Amino acid sequence: MVVTPESIHVSITSGLQCEHCTVQGDGQHFEAVIVSEAFAGKSRIQQHQLVYGALGDRMREEIHALSMKTFTPAQWAQQAR
Amino acid sequence: MSVQDQIRETVTGNPIVLFMKGTPQFPQCGFSATVVQILNACGVRNVVAVNVLADPEVREGIKQYANWPTIPQLYIQGEFIGGCDIVREMYSSGELQEALAKIPAA
């Protein structure tokens with residue numbers, strides 16, 4: 001089965017409340033930018049674990065290379081400036 | 001000894017441990033190669049590298065150990081630091097260098 005950025009986007013956003021989520025990729029390597037209030041007060045490790053949790057078994061079975069950047073809405077607002 | 005015990009012993013018994021695909025000389029994955037390069041750039045010489053491709057049990061076991069589904073995984077003094085993205089961010093911000101500087105000299 002071909003993994004598309006769209007399907008990764010659906011998995012992330014259905015498992016995690018996101019203010020913003022973009023996923024790009026070529027079927028092998030993917031890059032995601034995720035903004036969620038759920039990241040507030042969490043370490044980077046915990047933030048990435050939330051995303052991995054949303055992806056569940058897909059992370060083990062289908063997705064081999066996913067790079068991600070995680071932001072809280074406040075960090076994202078600063079970033080956008 | 002269980003794989004989990006074996007992993008715990010490795011990460012707590014060595015100051016810097018990197019679970020990776022391939023070896024520092026011949027990384028077999030771009031993310032693993034990136035972490036090796038960053039550690040080299042930080043002047044780290046005493047990293048214990050574990051090639052997960054050489055041991056399927058460790059390859060699966062390390063994912064459970066840190067509740068982290070991907071490799072590479074970097075540990076400093078027994079603490080899980082992160083995968084490639086986090087190590088790269090911490091290197092850019094200087095946090096990685098700080099964490100490495102805190103390791104007592106052997």
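Looking only at residues in region B:77-94 that are under 12 Å from the mean Cα position of the chain (by Cα) and crowded, with 20+ Cβ neighbours inside 10 Å, the one that is farthest from the other protein chains (Cβ to nearest Cβ) is B:V87. Residues that are out of contact with any Cys (no Cβ under 7 Å at 6 or more places or on another chain), farther than 21 Å from B:E60 by Cβ and crowded, with 18+ Cβ neighbours inside 10 Å within region B:15-43 comprise B:P15, B:I16, B:A33, B:V36, B:I38, B:L39, listed in sequence order.
For region B:48-59, the tally of residues that are farther than 11 Å from B:V11 by Cα and either touching a residue at least 24 places away in the same chain (Cβ under 8 Å) or touching a strand residue (DSSP E or B) at 6+ places or on another chain (Cβ under 9 Å) (or both) stands at 6.
Here region A:42-81 is the region considered, the condition is being among the basic types (K, R) and touching a helix residue (DSSP H, G or I) at 6+ places or on another chain (Cβ under 9 Å), and the residue that is nearest to B:G61 (Cα to Cα) is A:R60.
Listed by position, the strands (runs of 3 or more DSSP E) contained in region A:5-81 that have at least 1 residues being among the hydrophobic types (A, V, I, L, M, F, W, C), away from chain B (no Cβ under 14 Å) and in contact with a strand residue (DSSP E or B) (Cβ under 6 Å, 6 or more places away or on another chain) are A:20-25, A:29-35.
Considering region B:65-76 alone, what residues qualify as being more than 10 Å from chain A (Cβ to nearest Cβ) and free of Cβ contacts under 8 Å to residues at least 12 places away in the same chain? Across region B:65-76, there are no qualifying residues. Among residues that are surrounded by 19 or more Cβ atoms within 10 Å (Cβ to Cβ) and within 14 Å of chain A (Cβ to nearest Cβ), B:V11 is not included. Here B:A99 fulfils each of the conditions (1) touching a Lys or Arg at 6+ places or on another chain (Cβ under 9 Å); (2) surrounded by fewer than 20 Cβ atoms within 10 Å (Cβ to Cβ) apart from (1).
A short reminder: the numbers here are calculations on the coordinates, not readings from a lab. Only a predicted model underlies this, so the values are computations on that prediction, with no experimental measurement involved. Reconstructed Cβ throughout: ideal geometry from the backbone, glycine too, with neighbour counts over all protein chains shown.
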